[in-house]
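**Q** To start, I am sharing the structure in question, which I have written as structure tokens.
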Amino acid sequence: MKSAPAAPSRFERLLSHPLTRGCDINDPVTTTLRRTIVQSKPFVRRIYDEWYRKIVDHLPDVPGNVLEIGSGPGFLADYILDLVTSDIFTLPGVRCVLDGSALPFATGSLRGIVMTNVLHHMPEPRAFFEEAARCLRPGGAAVLVEPWVSPWSRLIYPHFHHEPFLPDEPSWNHTLAGPLSGANGALPWIILQRDRSLFETQFPGLRVAETELLMPFRYLVSGGVTMRSLMPGITFRLWEMLETGLKPWMNNWAMFALVVVQKDPS
């Protein structure tokens, strides 16, 4: 499977955020700049606020630390006391450097592992889930916010996003073109929805406990961390109301999902 990033389209070049335009996505400096973008774009910051509140609400009430993988541009540490932040790079505010395939934590020591837009970058996700099954304590959970597959997202991601989005890819792996440029945006859906039975067979101690489909429009019109905002922050509430009205049909519209993967409590 090839996952080298495609050349940016004319649309992407036109709307790319000036702070990171022309930057190498695999350069740690780019991740630091994206943190600045998240903080400076009210629309995007409100999206991250919402994601983080959902993550906190879905963490199990059991002892142990919470590990965040791919802390990068985010600010989840504002919501979780003593959060163990980590990234693949050495970055300001990041406590551990790791890639998710080999976690430096004792067996059964973590109550939670959380990620925001990270799983689809992992070239060997089975290695991560093996480590999650080992490190999570009984009743612990991995809580993930990731891109998702729907009829709407099948139209949007391939044309308006720089990462590969391949829902029909049979493999769970992808080629590591770079720490961040290697990706398949459809990978979380492939593993945790399309191939859920296989996932739960291969990882019998883990189960997909909850999937909440999210956000068909707001992240798109916010421009995210790579593009200029397509809508002013004052319209956030209007887009939120539109998405709320679409909840009964979110299977057709979702571009993201919050997924809770829980470890057997026994």
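The values are calculated or read from the model by the stated rules, or taken from the named source; none is laboratory data. Being a predicted model, the structure only gives us computed values, none of them experimental. Cβ placement follows ideal geometry from the backbone for every residue including glycine, while neighbour counts extend to all protein chains displayed. Accessible surface areas use protein heavy atoms only, side chains included; no ligands, DNA or RNA. Shrake-Rupley method; radii C 1.70, N 1.55, O 1.52, S 1.80 Å.
**Q** Taking the 0 to 90 degree range and rounding to the nearest ten, how far is the long axis of helix 42-58 tilted relative to the main principal axis of the chain, both from C-alpha atoms?
**A** That works out to roughly 20 degrees.
**Q** Mind checking the angle between helix 125-135 and the chain's longest principal axis? C-alpha axes, 0 to 90 degrees, to the nearest 10.
**A** Tilt relative to the chain: about 50 degrees.
**Q** Something else about it: State in Å² the accessible area per residue of the chain; use a 1.4 Å probe, count heavy atoms of protein chains only, and round to the nearest integer. Mind showing how you got there, number by number?
**A** Numbers: 12070 Å² over 266 residues.
Per-residue value: 45 Å².
**Q** Here's another thing I want to ask about it. Candidates [x] 47, 40, 39; [y] 52, 41, 38; [z] 59, 40, 34; which is the computed Cα extents along the principal axes in Å?
**A** Step by step, Cα extents along the principal axes in Å for this structure corresponds to label [y].
**Q** Take the alpha carbon gyration tensor of the stretch 162-266, find the square roots of its eigenvalues, order them as a ≥ b ≥ c, and report rounded if a/c is under 1.5; if not, report prolate when a/b exceeds b/c, else oblate. Kindly include the intermediate steps, with their values, before the conclusion.
**A** Details: a/c = 2.43, a/b = 1.42, b/c = 1.71.
Verdict is oblate for the stretch 162-266.
**Q** May I ask you to give the percent of accessible area on the stretch 189-233 that is carbon plus sulfur, with a probe radius of 1.4 Å?
**A** Working: 1030 of 1940 Å².
Result for the stretch 189-233: 53 percent of the exposed heavy-atom area is carbon or sulfur.
**Q** Moving to a separate point now. Distance between Cα centroids, the stretch 32-107 to the stretch 199-266: provide it in whole Å.
**A** Measuring centre to centre over Cα atoms gives 17 Å.
**Q** Restricting to DSSP H runs of at least four residues, report the calculated mean residue ellipticity at 222 nm for the chain, -39500 (n - 2.57) per run over all residues, nearest 500 deg cm²/dmol. Don't jump to the answer; show the numbers that get you there.
**A** Working: 9 runs with 83 residues, N = 266.
Helices in the chain give a 222 nm mean residue ellipticity of -9000 deg cm²/dmol.
**Q** Here's another thing I want to ask about it. Taking the Cβ of residue 39 as the centre, find all other residues whose Cβ is under 13 Å away and add up their charges (Lys, Arg: +1; Asp, Glu: -1).
**A** On the way: positive: 34, 35, 41, 45, 46; negative: 49, 78.
Residues close to residue 39 contribute a combined charge of +3.
**Q** Could you tell me what percent of the DSSP beta bridges with both partners in the chain are antiparallel, to the nearest 5? Write down the numbers at each step before the final one.
**A** Values: 16 of 31 bridges.
In the chain, DSSP labels about 50 percent of beta bridges as antiparallel.
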